[in-house]
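One structure is given here, and the rest of the page talks about it.
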Amino acid sequence: METVLAGTGGCTAYDVVMILKRGRHQVERCSVKLTSERAPKDPKVFTKIHMHFTVAGKNIPTAAVERAIALSHDTYCSATIMLGKTAEITTSFDLIDL
C-alpha cells in the first residue's frame, strides 16, 4: 500500500511540475508528502489521503500552483483519480520563492 501512495505522489508531482513549466514558470523543485488513513477492515482501502506539496522556484504565482495541483488532481493523474473513488483526497502546499 505504501508503494501505491509513493506512485501516486510521483504521478501528481510530475504533473504539477509539467503544468507549471508549460505555463513558463521557473520551477526549481517540487516534492509532495502524503499522509493517509485506511479502512479498519479488509480490504483496508484508503479512506483519506492528504497531499502536501512544496514547490520552489522564481516568481511563481500562488494561483498557478493552485491551478496545477487542481488540474493534476481532477484531470491528469490517473492514480489520484482512481484512489479518489474510495478516499477523500485533500491537498495543501507551500511555495518557496528562490
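Every read-out reported here was derived from the displayed coordinates using simple, explicitly stated rules and does not represent laboratory data. Everything numeric in this text was worked out from a predicted model, so none of it was measured.
General observations
- Ignoring lysines fewer than eight residues from Lys44 along the same chain, the ones with Cα atoms less than 23 angstrom from its Cα are Lys33, Lys85.
- Its convex hull of Cα atoms gives the chain a direction-averaged projected area, equal to a quarter of the hull surface, of 5.7 nm².
- Folded to 0 to 90 degrees: helix 2-22 orientation relative to the chain principal axis, Cα: 20 degrees
- The chain: antiparallel DSSP beta bridges as a percent of all, rounded to 5: 55 percent
- Residues whose amide H falls under 5 Å from that of Lys48, counting only those 5 or more places apart or on a different chain, are Glu37, Glu88, with hydrogens built in the peptide plane.
- Full-stretch length increase - His50, Arg67 - with 0.36 nm per residue and alpha-carbon distance subtracted: 4.4 nm
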